[in-house]
Amino acid sequence: MKTPSDDAAGPERVPVPVRVVLPADPLLGTEQQEIVARLWKQRQTETGWVFLVGLPSYRDLEDGGVEAAEYRVWVRAPDHVRPVDGVDYDQVATERLERSPQSVVREVLGERRPSGWVLQKVSGGRGPAQAVLHARDCTEALADAPPLDWKRALDVAENRATRLCVLCGCAQELSPLLRGFDHIDGS
């Protein structure tokens, strides 16, 4: 009997022994156990590694008999598998995760900051009201200020009484949109 995972293991690879950790079952009163199974493939995922293991089992035959069989399942490593001493795992089929363009960008630029800006009103006594426009994650911004989208932030930034915070980069982010990109040094 062929299972869908048979093709996934590849015809050229031979499985190697690996210890699989079976969970404890409080209803049956059994503790965690380890059995030796066959490791067919290992795959890297966004959350870690998973292994395709073949657990020894039995299967019923049509004539009423029983024969040895293998149940294949993906398990998390290292939570559910342990190496067998002396086994070379370099020969196991391995699928490595391709680096996504997003992960490369995140690695270079760092985590993305929250979108939007916040306005902090400054009471200066007499004269027109003044304000400072901050990025949402600025340490100088008020935590409970409602966020502004980019259109509203540009409208507020055009007001002469509004200053753009230089600590959080608000000035660097919005100035090119207000005055064009030609005013930036070196361009």
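In this structure, is CYS138 crowded, with 16+ Cβ neighbours inside 10 Å, part of a loop (DSSP other than H, G, I, E, B) and modelled with pLDDT of 85 or more?
It is true that CYS138 is crowded, with 16+ Cβ neighbours inside 10 Å, part of a loop (DSSP other than H, G, I, E, B) and modelled with pLDDT of 85 or more.
Being in contact with a Ser or Thr (Cβ under 6 Å, 6 or more places away or on another chain), in contact (Cβ under 8 Å) with a residue 12 or more places away in the chain, in a strand (DSSP E or B) and farther than 12 Å from PRO17 by Cα is true for just one of ARG72, ARG76. Which residue is that?
None of the other options fit; the residue is ARG72.
Out of VAL50, VAL20, which single residue is touching an Asp or Glu at 6+ places or on another chain (Cβ under 8 Å), part of a strand (DSSP E or B) and open to solvent by less than 30 Å² (accessible area, probe 1.4 Å)? If you could, list the steps in order and put the result at the bottom.
Working: VAL50 fails: touching an Asp or Glu at 6+ places or on another chain (Cβ under 8 Å).
Criteria check complete, one pass: VAL20.
Being touching a residue at least 40 places away in the same chain (Cβ under 8 Å) and under 16 Å from THR94 (Cβ atoms) is the filter here; which residues of region 25-45 pass it?
The answer is LEU39, TRP40, LYS41, GLN42, ARG43, GLN44, THR45.
How about region 5-35: which of its residues are among the polar types (S, T, N, Q) and modelled with pLDDT under 90?
First, pick out the residues of region 5-35 that are among the polar types (S, T, N, Q): 5, 30, 32-33.
Within region 5-35, just SER5 meets the criteria.
What do you reckon, is GLY29 more than 30 Å from the chain's Cα centre (by Cα) and on the phi > 0 side of the Ramachandran plot?
yes
Take region 81-93 and flag every residue that is open to solvent by 60 Å² or more (accessible area, probe 1.4 Å) and either out of contact with any helix residue (DSSP H, G or I) (no Cβ under 8 Å at 6 or more places or on another chain) or at pLDDT below 65 (or both).
ARG82, ASP85, GLY86, ASP88, ASP90, GLN91
Can we say GLY64 is part of a loop (DSSP other than H, G, I, E, B), more than 17 Å from VAL21 (Cα to Cα), without any contact (Cβ under 8 Å) to a residue 60 or more places away in the chain and open to solvent by less than 70 Å² (accessible area, probe 1.4 Å)?
Judged against the criteria, GLY64 is a match.
The values are calculated or read from the model by the stated rules, or taken from the named source; none is laboratory data. These numbers come from a predicted model, not from an experiment. So basically every Cβ, Gly included, is an ideal-geometry build from the backbone, and we count neighbours across all protein chains shown. Heads up: the accessible areas ignore ligands, DNA and RNA and are worked out on the full protein's heavy atoms, side chains in. Shrake-Rupley method; radii C 1.70, N 1.55, O 1.52, S 1.80 Å.
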